[in-house]
Amino acid sequence: MADPAQIFRRIAIAGNPNTGKSTIFNLLTGMRQKVGNYPGVTVEKKTGRFFGSHGEAMELLDLPGSYSLQVRSPDEAVSRDVLLGRVPGTPRPDAIIAVLDASNLDRHLYLVAQFLELDIPVIVALNMVDVAEKRGLTIDLLALKNSLGVPVIPMVASRGQGLIELKQALSRATLHVSECKAQLPIVLEREVAALSRTLKCHAGSVRPEAMLLLSLEDERLAAEVNGNPTLLAEVHAARERLRLSGLDPIAAPVDARYAWVSEVCASVVHRRGEDAHGLTFSDHVDQILTHKLWGWVAFVAMMALMFVCIFIVAQAPMDWIRDGMGALAKWAGAHMPEGDLRSLVVDGVIGGVGNVVVFLPQILILFFFLGLLEDSGYMARAAFIMDRMMSRVGLHGKSFVPLLSSFACAIPGIMATRTIENRNDRFVTILVAPLMSCSARLPVYAIMIALLMPASGVWSQAGVMLCMYLLGILAAFVMAGLLKKTLLRSETPMLLLELPPYRAPVVRGIVQRMWERAVVFIRRAGTVILALSIILWALLHYPKPATPEPTQSEILSHSIGGRMGHAIEPVIAPLGYDWKIGIGLVASFAAREVFVSTMGQIYNIEDAKEDNEDLRTQMRDERRADGTPVFTPLVCLSIMVFYVLAMQCISTVAIVRRETNSWRWPLFQIAYMTVLAWVGAFVVYQGGKLLGFQ
Amino acid sequence: MSADAENAEPRSEAEPLSGLQPGQRGKVLAVDVPGSMRGRVMEMGFTIGTVIEVVRFAPMGDPMELKVRGAHISLRKAEAAGIRVQRV
């Protein structure tokens, strides 16, 4: 990789959401990508390197999709701050690639109008020219280039067309700042100039800063100039003068830019034929997918298909991994001398990590589906359909996407809340997101369902699984409604949601993101889970009882882990759990999936004979002192309910701490979810017993 | 329809965007969206003089889907009520 000092040009790639920005980013940088974070916020900073047409090293920064520099969400704030050179450690880019959807220049040129005000060279990547062509739009490229004053590269990024031309444009020795701009009303221009003189910041970004401040709504302005009363007073005075001269400071720049956009479009975009009101492909699809009846059918069918695939398609690769781990453990067992070290490697490391890695196929399938739904444009329709329901509990259709992603993992779900504009709504979504059954619960559900109904078919097992998911959803809704009425009271937020045209998803992009997730998951298995497995192994084996030749259950009972399990037994006995399950609960406080590996370790210790019996059989045969089975159906259900509702994930705690910027919220979240879990499990177990179940 | 009848039922009167039916179109006269989202509503294309088409209502009757400057944007009825339009 090139020396950072030798980077010829730093380029930012920006545009509205759903323009194919990431596809172009991937095309340019291939696998040479780096994902990090911006200081203070958790918005992903994606950078990549590539070489220009003459071999110049370039750095490309993928900015989050945004509609405007007048930001409304943390994601958009990052784009704005980078372009204004406000972010420490991220130099102001030397050029911007503005990615536009050629079939909707009317709207997408608005952001370009703002970029042109930034005094940074802009290169327009006019993406999806094929779609525009199909819709009967002819775009006069030369006229567009002349009206914008910047290079315009027509592209079909999904097929790699236009890449060479884009690279050539980026490699030019000098890039010019365009002279073309939207003409602002003179009074406004005068105020912007006056305010610019008082602002102290990067020389090139003074004017856009002033422009942004003048046209900010009062609610946001206060936050923006926080701690600078003189500036605030000056902005207010300037606005008052504007209002007196009959200008609305918020509407005026928007009107001016759109007037300019309309003028450009009128000379550049030509429609063929009379089909201006004709229905597009997306319109036809939406007639079904947002239909009063078929819309629901399609929605339910898609969700059902996703979960069925997770359970059926993932089965074979999961078996391979399980067999592989089993063979590895056997091999290690056969080649190591009897003793604690062998036990550590076989039970602790291979068993602990293996029981978690097994779930990789399910996680990948889930991410594949989520990627497909997102990239095809369906996710926005799901938000559209679900908004009415979400707004009942005071949430937003936009909260649907983070909550759906939380089925894979709460961490990307919580990160996806950054598109939610209102702080309180964002926090409510963050607080309830871990109630959505994430993939780490799958191992727990899977083993409990296998114990609960060993003889049943895949469909009825999937049915129980579905109930657990539904319970999580119900709990999330109830809690969201409660939180919105109490701690995080606010109006039901405004919905302003774009329904982008449907597109064939670029499978390569989805697979790349799946790969990234897989790496994160495996790294986690190799670090956090590995460490926890070793610690757990030690907790379950030490200290050793003083008696000579102790039996395996004496070792377990005497160990620290065993004592912890005994210590919490009074609290969990009303839920139907014995002290061994208690060990599992304690151990999985850091990560839910550890429950399964803990159970594996516990029963491996107990099971003196080294046979290949799998964990399920061992658990089924487990008996209490009085000879009754430990894992009765009711206990299995109670455990599942506990895991649906409990917050047991250190990584989520960390991300909530980062996203809410305080310890208050993650601690509150742990507290309320633990209480909820205990009460839920208590009701299931005791209620079930009252009704005469076992 | 006679000229008188047209005058008796003036078409130029401002009405809330939420009152339009799917397929109907209106020209924006005023954007009175409360709170901090007013600027963003305009930036999404709801500027004065723009013609907006109601595409459909969501399966549960709310929100509504609107076609603005070639893009499809969804707004709740309560919010769309703040956008006053003149039917065209």
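Among the numbered conditions (1) loosely packed, with under 12 Cβ neighbours inside 10 Å; (2) within 14 Å of chain B (Cβ to nearest Cβ), tell me where A:P229 comes up short.
So the condition that A:P229 fails would be (2).
Out of all the residues in segment A:290-303, which are facing chain B (nearest Cβ under 10 Å) and in a helix (DSSP H, G or I)?
Within segment A:290-303, A:W294, A:G295, A:W296, A:F299 meet the criteria.
Looking at A:L144, is it in contact (Cβ under 8 Å) with a residue 12 or more places away in the chain and within 14 Å of chain B (Cβ to nearest Cβ)?
For A:L144, the condition - in contact (Cβ under 8 Å) with a residue 12 or more places away in the chain and within 14 Å of chain B (Cβ to nearest Cβ) - is not met.
So, A:L532, is that one buried (at least 20 other Cβ atoms within 10 Å of the Cβ), in contact with a strand residue (DSSP E or B) (Cβ under 9 Å, 6 or more places away or on another chain) and modelled with pLDDT under 80 or not?
Spelling it out, A:L532 is indeed buried (at least 20 other Cβ atoms within 10 Å of the Cβ), in contact with a strand residue (DSSP E or B) (Cβ under 9 Å, 6 or more places away or on another chain) and modelled with pLDDT under 80.
Would you check which residues across segment A:482-501 are within 14 Å of chain B (Cβ to nearest Cβ), in a loop (DSSP other than H, G, I, E, B) and in contact with a Phe, Trp or Tyr (Cβ under 7 Å, 6 or more places away or on another chain) and list them?
Let us first name the residues in segment A:482-501 that are within 14 Å of chain B (Cβ to nearest Cβ), namely A:490-501.
From the residues that got through so far, the ones that are in a loop (DSSP other than H, G, I, E, B) too are A:490-495, A:499-501.
Of everything in segment A:482-501, just one residue is within 14 Å of chain B (Cβ to nearest Cβ), in a loop (DSSP other than H, G, I, E, B) and in contact with a Phe, Trp or Tyr (Cβ under 7 Å, 6 or more places away or on another chain), namely A:L499.
Among the residues of segment A:238-251, write down those that are of a type outside the set (D, E, K, R), part of a helix (DSSP H, G or I) and exposed (fewer than 12 other Cβ atoms within 10 Å of the Cβ).
Within segment A:238-251, A:L244 is the sole residue that qualifies.
If only one of A:I670, A:I655 is on the phi < 0 side of the Ramachandran plot, among the aliphatic types (A, V, I, L, M) and at pLDDT below 90, which one is it?
Values: A:I670 fails: at pLDDT below 90.
Only one candidate passes the filter, namely A:I655.
In this structure, is A:K167 in contact with a strand residue (DSSP E or B) (Cβ under 9 Å, 6 or more places away or on another chain) and of a type in the set (K, R)?
yes
Restricting attention to segment A:98-106, does a residue exist that is in a strand (DSSP E or B), in contact with a Lys or Arg (Cβ under 6 Å, 6 or more places away or on another chain) and of a type in the set (S, T, N, Q)?
no
Working only within segment B:57-67, note down all residues that are crowded, with 23+ Cβ neighbours inside 10 Å and within 9 Å of chain A (Cβ to nearest Cβ).
Within segment B:57-67, B:A58, B:P63 meet the criteria.
Which residue is surrounded by the fewest Cβ atoms within 10 Å (Cβ to Cβ), if the candidates are limited to segment A:653-668 and must be over 15 Å from the mean Cα position of the chain (by Cα) and not hydrophobic (A, V, I, L, M, F, W, C)?
A:R664
Considering each of A:F595, A:F589 in turn, give the residue that is out of contact with any helix residue (DSSP H, G or I) (no Cβ under 7 Å at 6 or more places or on another chain) and in contact (Cβ under 8 Å) with a residue 40 or more places away in the chain. Walk me through it before giving the result.
Details: A:F595 fails: out of contact with any helix residue (DSSP H, G or I) (no Cβ under 7 Å at 6 or more places or on another chain).
A:F589 is the lone residue from the list that is out of contact with any helix residue (DSSP H, G or I) (no Cβ under 7 Å at 6 or more places or on another chain) and in contact (Cβ under 8 Å) with a residue 40 or more places away in the chain.
Please go through segment A:457-471 and pick out each residue that is part of a helix (DSSP H, G or I) and out of contact with any Phe, Trp or Tyr (no Cβ under 9 Å at 6 or more places or on another chain).
Across segment A:457-471, the qualifying residues are A:W459, A:S460, A:G463, A:C467, A:L470, A:L471.
If you scan segment A:500-539, which residues turn out to be among the β-branched types (V, I, T) and within 28 Å of A:S158 (Cβ to Cβ)? Show your work before the answer.
Kept after step one, since they are among the β-branched types (V, I, T), are these residues of segment A:500-539: A:506-507, A:510-511, A:519-520, A:522, A:527-529, A:534-535.
Once the filter is applied, which keeps residues that are among the β-branched types (V, I, T) and within 28 Å of A:S158 (Cβ to Cβ), segment A:500-539 yields A:V506, A:V507, A:I510, A:V511, A:V519, A:V520.
Write out, first by first residue and then by second, each pair whose Cβ atoms fall under 7 Å of each other, whose residues are 6+ apart or on separate chains, and whose first residue, in segment A:161-189, is outside any helix (DSSP H, G or I) while the second is aromatic (F, W, Y).
Here the result reads A:A182/A:W260; A:Q183/A:W260, each pair linking segment A:161-189 to a residue that is aromatic (F, W, Y).
Please state which one of B:A81, B:A14 is more than 9 Å from chain A (Cβ to nearest Cβ), under 11 Å from the mean Cα position of the chain (by Cα) and at pLDDT below 90.
Sole residue among the options that is more than 9 Å from chain A (Cβ to nearest Cβ), under 11 Å from the mean Cα position of the chain (by Cα) and at pLDDT below 90: B:A14.
Which one of these is part of a loop (DSSP other than H, G, I, E, B), out of contact with any helix residue (DSSP H, G or I) (no Cβ under 8 Å at 6 or more places or on another chain) and free of Cβ contacts under 8 Å to residues at least 24 places away in the same chain: B:G49, B:G61?
Values: B:G61 fails: out of contact with any helix residue (DSSP H, G or I) (no Cβ under 8 Å at 6 or more places or on another chain).
B:G49 is the lone residue from the list that is part of a loop (DSSP other than H, G, I, E, B), out of contact with any helix residue (DSSP H, G or I) (no Cβ under 8 Å at 6 or more places or on another chain) and free of Cβ contacts under 8 Å to residues at least 24 places away in the same chain.
Being over 18 Å from A:E491 (Cα atoms), at pLDDT below 90 and crowded, with 21+ Cβ neighbours inside 10 Å is true for just one of B:G39, B:G70. Which residue is that?
Residue meeting the stated conditions: B:G39.
For A:L231, only one of the following conditions fails: (1) of a type outside the set (D, E); (2) modelled with pLDDT of 90 or more; (3) assigned to a helix (DSSP H, G or I). What is its number?
So the condition that A:L231 fails would be (2).
To keep it simple, each residue is scored yes or no on (1) part of a strand (DSSP E or B); (2) within 18 Å of the chain's Cα centre (by Cα); (3) within 27 Å of A:R207 (Cβ to Cβ); (4) modelled with pLDDT of 90 or more.
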residue: A:M31; (1), (2), (3), (4): no, no, no, no
residue: A:T42; (1), (2), (3), (4): no, yes, no, no
residue: A:K45; (1), (2), (3), (4): yes, yes, yes, no
residue: A:L60; (1), (2), (3), (4): yes, no, yes, yes
residue: A:G85; (1), (2), (3), (4): no, no, yes, no
residue: A:P88; (1), (2), (3), (4): no, no, yes, no
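Can you confirm whether A:S456 is among the hydroxyl-bearing types (S, T, Y), modelled with pLDDT under 85 and under 30 Å from A:I310 (Cβ atoms)?
yes
Show the residue pairs meeting these rules: Cβ distance below 9 Å; 6+ apart or different chains; first residue within segment B:24-41 and in contact (Cβ under 8 Å) with a residue 12 or more places away in the chain and within 11 Å of chain A (Cβ to nearest Cβ); second residue among the acidic types (D, E) and part of a strand (DSSP E or B).
Taking only residues 6 or more apart or on different chains, the pairs are B:R25/B:E53.
Output yes when any residue across segment A:367-383 is buried (at least 23 other Cβ atoms within 10 Å of the Cβ), touching a Phe, Trp or Tyr at 6+ places or on another chain (Cβ under 9 Å), within 14 Å of chain B (Cβ to nearest Cβ) and aliphatic (A, V, I, L, M), and no when none is.
Looking through segment A:367-383, at least one residue is buried (at least 23 other Cβ atoms within 10 Å of the Cβ), touching a Phe, Trp or Tyr at 6+ places or on another chain (Cβ under 9 Å), within 14 Å of chain B (Cβ to nearest Cβ) and aliphatic (A, V, I, L, M).
Of the residues in segment A:187-204, how many are buried (at least 20 other Cβ atoms within 10 Å of the Cβ) and not hydrophobic (A, V, I, L, M, F, W, C)? Write out each step before concluding.
Narrowing segment A:187-204 to residues buried (at least 20 other Cβ atoms within 10 Å of the Cβ): A:188, A:191-192, A:195.
Those still in the list that are not hydrophobic (A, V, I, L, M, F, W, C) too: A:191.
Adding up the residues that qualify gives 1.
Hand me the list of helices (runs of 4 or more DSSP H) wholly inside segment A:325-396 holding 2 or more residues that are closer than 23 Å to A:I411 by Cβ.
A:352-357, A:360-376, A:378-392
The values are calculated or read from the model by the stated rules, or taken from the named source; none is laboratory data. What you are looking at is a predicted structure, and each value in this text was computed from that prediction instead of being measured. Positions of Cβ are backbone-derived with ideal geometry, glycine not excepted, and every protein chain shown enters the neighbour counts.
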